[in-house]
Amino acid sequence: MSQSAKADGDQGKAGASALGRALAWLPALLEPVMRFAQRVLGARRMPWLFLAPNLLIFGTFTFLPIIINFYYAFTGGVKLFPSERPFTGMENLATLFDCRDYFDPSTCRKDIFWQAVYNTAKFAVLQVGLMVVFSVITALVLNRKIIGRGFWRGVYFYPVLLSPVVVALIWKWILQSQGVLNGLLVGVGVAPTEWLTSASWMFFWVILVSIWAHMGFYTLIVLAGLQAIPKDLYDAAQMDSASPWRVLRRITLPLLMPNLLVVIVLALIRAVQIFDEVFVLTGGGPGTATTFLVQFIYQTGFAEAIHLYGLAAAASLVLAGALLVLTLLQLKIAGGGEIKDGKAKGGAGHA
Amino acid sequence: MPDALRFLTRTSGRARLDWTDWLSYAYLFVGLFLMFGPVLWIVMSSFKTQSGLTDFPPSFLPYGQKSVQVAGNEARLPLYRVKMPDGSTRELAELRRIGLTATMIDPAKPGEEIPVNIKDREKTSELRVATENYTELFGKLSFGRYLWNSVFITVVATLITLLFNSMAAFALSKYRFRGQKTVFLLIIATLMIPPTIILVPNFLVISNLGLLNSLWGVIWPAVATPTGVFLLRQYMLTIPDELLDAARMDHASEWQIYWRIVLPLTAPALAVLAIFSVMWRWNDFLWPLIVLSRSELFTLQLALNAFQGELQTEWNYLLAMTVITIIPVTLVFAFLQKHITTGIASSGVK
Amino acid sequence: MSTLQLKHIDKRFGDTVVLRDIDLEAAEGEFVALVGPSGCGKSTLLRIISGLEPTTAGEIILDGKRVNDVSAAERGLAMVFQSYALYPHMTVYQNMAFGLENTGTPKAEIERKIGDAARMLQLDVLLQRRPTQLSGGQRQRVAIGRAIVRNPKLFLFDEPLSNLDAELRVQMRAEIIALHQRLKTGMIYVTHDQVEAMTMADKIVVLRAGQVEQTGTPLELYNSPQNRFVAGFIGSPRMNFIEAVVTARDGRGLTLALAGFEPQATINVAVDPAAAAHGTAVMLGVRPEHLEVAEGAGAPDTVTVQIAQVEQLGGHGFIHCTLPTSKRSLVVQFQGQIASRAGATVTLRIPPAACHVFSTAAGEPALPPLHGAG
Ligand SMILES: Nc1ncnc2c1ncn2[C@@H]1O[C@H](COP(=O)(O)OP(=O)(O)OP(=O)(O)O)[C@@H](O)[C@H]1O
Ligand SMILES: [Mg+2]
């Protein structure tokens, strides 16, 4: 057992280093340039040279855009170039927030925006709640003494690797009116349903599909948390003749809690940004039943005939605000706002 | 008999499987069905003919309606099993159909036209694997083009990601310099800034750089991943500094230390990042959707999206294309699952 | 074949002073050991010599030239690290070749040099192995081999034997001594094991808390430690220390009353009487190997103690004794075997000639011996 595990590890290492050798031409090519750079800069300044490409890209494609985003949010017009955009102050935000009754999207000037906000909130709460429950149950099962744990873990993880477009197509094919789901229903004598054109059913399926696609990831994190619980606690509990249920309630869940909180916040951060798979699966429909915030930004800024960049940027600020709150929450949970060296548990982006 | 049962239910660890074990395995098998079932269904469907896809209720195996070549007709005609008025059944081919009545002929006696009420007939099916869904794909729909675009973006972006991220990680883990902490915090901060909230300004940046409708417009913003820097830095911290000192005594330049000493030793983490990067870039959707609007630049994901949105979706091709898109991911999964899962479990990032 | 000189070296990490005003000289081919307790700055000093760490102040002079601003690579020294720092992804051969390749040495010459070094260190059959496939001693030899092939002006060793088990340590010690005799290259050798320092070095530098306590040959340090720290550090088992008070002074030295004995014990030591006033508290030091088990009580220079434990090693042994009215204890080394058991009382003779007397003032310096006295 341990013998084969070791052999496995060696094999993996050998494979990795073979890969490394195959890719070594790239840095080897840069060698003369870097030698020259070190002569000019001196060894002490070399770390900045090593950092330069990354910082350049982060600067260009992350930090600069953050600043520009504010500019967009406070300017109007349909022009892309900042110099051609008239300053409008809070107008974009005011437009978004122009509502007679915030709890009824139809009374808002941007009713789709508010519909999207409510959809996103509803989706995030339901999806994360269900996903955490399923992830914990699955992780608990996977943490038992089962045969072929690696295989089973893989089973739940596999959909995580599929692209959102593929996920959407798979389910669209299953849910279509002539699809296999209706086929199975007919087989057991239930009337088929038009899943894809029913607003409430579609919302349900969007939640289910996104859980299907992502729960493997969270299961993995929960499982890591479970495996970090010292085994002797369970032995001790057994000596105290605790029932399995009490062990779960009094030992496993409390010790898993910190891990679970991280999972919840992480999942919330991702859920608020839901877009790809839903966009392909439903296009936001039927009607606006599954239109979420990011899709609103995409449509306002890019997809519709008139590109309202300012409005899209303003909506981005709203989204950023929500994410900021969640991120701060996460940092607070992760340990007093400091970034720990050991593990930065996730983050908002998919990189 | 009870002995045999006990023998069968014996496990390696404990004496017997109790009910919680049975429940666990039941849960797992249901999970197996739910997780793999949909994918399997797509794969099976992708081997069905266009007409086989419209069958309802659908069959699991790729059954398709039989057809025959009948003299005097150019196209092949679909075959039906028809219950004749005299009670016998015959296999007839459909010539044409108006309303509830179809005009059919016997392939053996092409001269005679037989009117048949469509209630009295049934499709004749045969097991037929429609490999043409795949073979015709390369000629049709410029599939090769999309495949190339996806592969190009994935490979090039991954190579640059590995290079840039490992350089940054090296600087952050193996040197001590002023501003180091600030830089590290900045990079970690970008982990908190999802790309979705800077779509609009990024679009401006990309178009100002002339990268709109260019594959590089997808590649450049993606190659500096905070996740990658973080992952590699954590790994490089475990490499003893004495090794670097030894290399310095050995006349190695800083760049040589980076690629001759540190990089090879970081290989396992680089492998994990390479896998992640391949998955990210292969599966990317929203950003390519914004940058690439010309169809000859579409990646596979964009192409899939475009075709599924068309009025007359040719599902047989779309399904085949989906399956091809899944293949690399599945291969990565099959061979490197352990690396991915341990990578995620140890870094908490995806 | 080089000389090394350190002048007034200071080193600070931020606000913490790690080295203070270090002076050191290593003659051509000299084997210098740096010893001192953990954290005293030995490694830091070695890294400063190597060029891996810059100094805060002071000069490093190699072959008469100031090398403060010369990089580690250019100083032409070789270092053997505590963890060996072998490149794990390279074979033994590649490990040794890496530095030579970097300086553009021709392939044939690399091969020759590695061949020579490998033969010298019996590494011939291991050249194609990776460091993980070697034993501790073999790794140690590879690390030394990697240093040798570069023909360094000086070898720097940082506790090279501390990761080996006792038996291997003795063996490698002999090998390094043989190597030094053969190559005649100077070596700076960091260790916290004073036995290593005593057996290997031409010159020992004792460091404490970033300062040099004493420099000298092993026997100088053993025979005339300049302060109580060096006296306690050099020699195994440690020197015994007994509190004492000066009760009389005359031309033959001092008379000390020793604390903690029943009956009261006094001893005459040959120390310059000008060094301590009447009534001064001092510390008497005497090595375990110099204490003698005496026949009867009452003789001059004897004390009576109780035996706490006897360690019989056959050829020699140790008696651990407790003082009747003090928490201190004494260790006595005896030759051969003795019949005494724990619990018995024993009379010990303290030979005045073997006594060291230390002041209790700051730094606890040794009091100067009486001129002309043994
Ligand atoms: N990079 C550094 N930053 C701050 N303090 C340091 C650094 N390197 C060493 N020190 C401090 O300098 C002092 C001397 O360290 P050094 O490693 O030289 O000790 P040493 O004598 O080699 O000890 P040991 O026998 O345990 O190896 C220690 O107190 C250590 O904490
Ligand atoms: Mg040290």
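The values are calculated or read from the model by the stated rules, or taken from the named source; none is laboratory data. Quick caveat, the model's predicted, so the values are computed rather than measured. Here the Cβ is made from the backbone with ideal geometry for all residues, glycine too, and neighbour counts use every protein chain on show. Side chains included, ligands, DNA and RNA excluded: accessible areas come from the protein's heavy atoms. Shrake-Rupley method; radii C 1.70, N 1.55, O 1.52, S 1.80 Å.
Just a few scattered comments:
- Candidate set: region C:42-75, residues that are within 16 Å of ligand 2 (Cβ to nearest atom) and in a loop (DSSP other than H, G, I, E, B); chosen: the one nearest to the other protein chains (Cβ to nearest Cβ): C:Leu52
- Elements of type strands (runs of 3 or more DSSP E) contained in region C:77-194, each with 1 or more residues being within 13 Å of chain B (Cβ to nearest Cβ) and over 30 Å from C:Ser236 (Cα atoms): C:77-80
- Residues (in a helix (DSSP H, G or I), open to solvent by 10 Å² or more (accessible area, probe 1.4 Å) and either aromatic (Phe, Trp, Tyr) or in contact (Cβ under 8 Å) with a residue 24 or more places away in the chain (or both)) located in region B:208-229: B:Leu215, B:Trp216, B:Trp220, B:Pro221, B:Ala222, B:Pro226
- When B:Thr341, B:Thr299 are checked against the criterion of being assigned by TED's automatic domain parsing to the domain that holds B:Pro195, over 26 Å from B:Val200 (Cβ atoms), crowded, with 19+ Cβ neighbours inside 10 Å and out of contact with any Cys (no Cβ under 9 Å at 6 or more places or on another chain), a single residue qualifies: B:Thr341.
- For B:Phe60, the conditions (1) assigned to a loop (DSSP other than H, G, I, E, B); (2) more than 11 Å from every other protein chain (Cβ to nearest Cβ); (3) within 27 Å of the chain's Cα centre (by Cα) all hold with the exception of (2).
- Odd one out for B:Gly179 among (1) open to solvent by 20 Å² or more (accessible area, probe 1.4 Å); (2) closer than 30 Å to B:Leu304 by Cα; (3) over 26 Å from the mean Cα position of the chain (by Cα): (2)
- Residues of region A:278-302 classified as at the interface with chain B (Cβ under 9 Å from one of its Cβ atoms), open to solvent by 20 Å² or more (accessible area, probe 1.4 Å) and in a helix (DSSP H, G or I), total: 3
- Of the residues making up region C:21-33, not a single one is more than 14 Å from chain B (Cβ to nearest Cβ), within 16 Å of ligand 2 (Cβ to nearest atom) and assigned to a loop (DSSP other than H, G, I, E, B).
- Residue that is assigned to a strand (DSSP E or B), under 27 Å from the mean Cα position of the chain (by Cα) and touching a residue at least 24 places away in the same chain (Cβ under 8 Å), where the choices are C:Val305, C:Val357: C:Val357
- Each residue in region C:19-51 was checked for being within 14 Å of ligand 1 (Cβ to nearest atom) and open to solvent by less than 30 Å² (accessible area, probe 1.4 Å), and 15 of them qualify.
- Residue within region C:72-84 that is open to solvent by 30 Å² or more (accessible area, probe 1.4 Å), within 27 Å of C:Asp193 (Cβ to Cβ) and in contact with a helix residue (DSSP H, G or I) (Cβ under 7 Å, 6 or more places away or on another chain) present: yes
- Any hit, region C:195-205, residues being within 14 Å of chain B (Cβ to nearest Cβ), away from ligand 2 (no atom under 16 Å from the Cβ) and either closer than 25 Å to C:Tyr93 by Cβ or open to solvent by 30 Å² or more (accessible area, probe 1.4 Å) (or both): no
- Across region C:242-258, not a single residue is classified as at pLDDT 90 or above and under 19 Å from the mean Cα position of the chain (by Cα).
- Top-ranked residue in region C:208-229 [being within 16 Å of ligand 1 (Cβ to nearest atom) and touching a helix residue (DSSP H, G or I) at 6+ places or on another chain (Cβ under 6 Å); ranked as farthest from the other protein chains (Cβ to nearest Cβ)]: C:Glu213
- Of all the listed residues (B:Ile193, B:Ile188), the sole one being under 30 Å from B:Leu237 (Cβ atoms), open to solvent by less than 10 Å² (accessible area, probe 1.4 Å) and without any contact (Cβ under 8 Å) to a residue 60 or more places away in the chain is B:Ile188.
- Enumeration of residues in region A:31-54 that are open to solvent by less than 80 Å² (accessible area, probe 1.4 Å), within 7 Å of another protein chain (Cβ to nearest Cβ) and either at pLDDT 85 or above or more than 18 Å from B:Tyr175 (Cα to Cα) (or both): A:Glu31, A:Met34, A:Gln38, A:Met46, A:Pro47, A:Phe50, A:Leu51, A:Pro53, A:Asn54
- Filtered residue count, region C:233-283, keeping only those that are free of Cβ contacts under 8 Å to residues at least 40 places away in the same chain and open to solvent by less than 10 Å² (accessible area, probe 1.4 Å): 2
Okay, residues lined up against (1) within 16 Å of ligand 2 (Cβ to nearest atom); (2) closer than 25 Å to C:Arg75 by Cβ:
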{"site": "C:Thr103", "(1), (2)": "no, yes"}
{"site": "C:Gln140", "(1), (2)": "no, yes"}
{"site": "C:Leu156", "(1), (2)": "yes, yes"}
{"site": "C:Arg169", "(1), (2)": "no, no"}
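- Applying the condition of being touching a residue at least 60 places away in the same chain (Cβ under 8 Å) and open to solvent by less than 20 Å² (accessible area, probe 1.4 Å) to region C:333-353 and asking which residue is farthest from C:Glu220 (Cα to Cα) yields C:Ile350.
- B:Gly144 meets each of the listed conditions (1) open to solvent by 50 Å² or more (accessible area, probe 1.4 Å); (2) assigned by TED's automatic domain parsing to the domain that holds B:Thr299; (3) small (Gly, Ala, Ser) apart from (1).
- No other residue among B:Phe298, B:Phe285 is more than 9 Å from every other protein chain (Cβ to nearest Cβ) and either in contact (Cβ under 8 Å) with a residue 12 or more places away in the chain or within 30 Å of the chain's Cα centre (by Cα) (or both) apart from B:Phe298.
- For region B:82-96, filtering for residues that are out of contact with any strand residue (DSSP E or B) (no Cβ under 7 Å at 6 or more places or on another chain) and among the charged types (D, E, K, R) leaves 1.
- A:Val318, sole failed condition from (1) closer than 30 Å to A:Ala139 by Cα; (2) open to solvent by 30 Å² or more (accessible area, probe 1.4 Å): (1)
- Which numbered condition C:Val125 misses (of (1) surrounded by fewer than 15 Cβ atoms within 10 Å (Cβ to Cβ); (2) within 16 Å of ligand 1 (Cβ to nearest atom); (3) of a type in the set (A, V, I, L, M)): (2)
- Any hit, region B:95-103, residues being assigned to a helix (DSSP H, G or I) and either modelled with pLDDT under 80 or surrounded by fewer than 18 Cβ atoms within 10 Å (Cβ to Cβ) (or both): no
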